[in-house]
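This report refers to the structure that appears directly beneath it.
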Amino acid sequence: MTQQQPETLSRHAALEMVASAEKAFAYPFDVEGILDGFTDDVVIRFGDLPEISGKADAERFLRTRFARQKDYKLRKTLRALDGNIVGNYWDGTWTDTQTGKEMQCIGTEFWTVRAGRIALWEATINIWEVGAPPSIPLT
């Protein structure tokens, strides 16, 4: 049996995916639009959270996350494209709805795309309070 080769995305398609995600993740959030961009069996590896599998768990994760992020502002930048893998850098700011603190984050993510949708979302993230000292214990 021959294994099917992964699709190859054009740079234009990758740029459109990144722009679409930036818009959908910005406040007010478009959870349905985000979920439409995932395969039914999507796997999400987000920071140090336990692995998330499938759209139902993805939706729970997104709604819980967004409930904490008032006025979320996001910027994503395409950084790499290799066949069906899209890599981008992102940064965002929001007000935490539980603490009232102004927060910011930066991260990188890689999307493995299948049939035009994200099948695997792997993300690194650093989050801190605006104006607070660095929290990485290496400095």
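Modelled label-to-label distance, residue 79 and residue 22, 7 Å Cα→beta-carbon offset: nm?
Modelled inter-label distance: 1.5 nm.
Could you list 52, 136, 85 so that the one with the fewest beta carbons within 10 Å of its beta carbon is first and the one with the most is last?
Going from least to most buried by this count: 136, 85, 52.
Specify which residue in the list 17, 124, 110 is farthest towards the positive end of the charge dipole of the range 11-129, using unit charges on the beta carbon of Lys, Arg (+1) and Asp, Glu (-1), about the Cα centre.
17
With +1 on each Lys and Arg Cβ and -1 on each Asp and Glu Cβ, and nothing else charged, work out how big the dipole of the chain is about its Cα centre, in Debye to the nearest 20.
220
In terms of modelled amide H atoms, which long-range or inter-chain residues lie less than 5 Å from the amide H of residue 79?
Result for residue 79 returns 87, 88, 89.
Please compute the Kirkwood hydrodynamic radius over the chain, one decimal place, Å, based on all pairs of different Cα atoms. Could you put the intermediate results ahead of the total?
Working: mean 1/r = 0.0629 Å⁻¹.
For the chain, inverting the mean 1/r across all distinct Cα pairs yields 15.9 Å.
For the chain, take the longest principal axis of its alpha carbons; what is the angle in degrees between that and the long axis of helix 54-67, to the nearest 10 within 0 to 90?
It works out to around 20 degrees.
Mind grabbing the base-10 log of I(q)/I(0) for the range 37-91 at q = 0.21, 0.27 Å⁻¹? Debye formula, identical points on the C-alpha positions, no solvent, two decimal places.
Relative scattering, expressed as log10 I(q)/I(0), comes to -1.07, -1.19.
Every number in this text was worked out from the coordinates using simple rules, so none of it is lab data. Only a predicted model underlies this, so the values are computations on that prediction, with no experimental measurement involved. Note: ideal-geometry Cβ built from the backbone for every residue, glycine included; neighbour counts use all protein chains shown.
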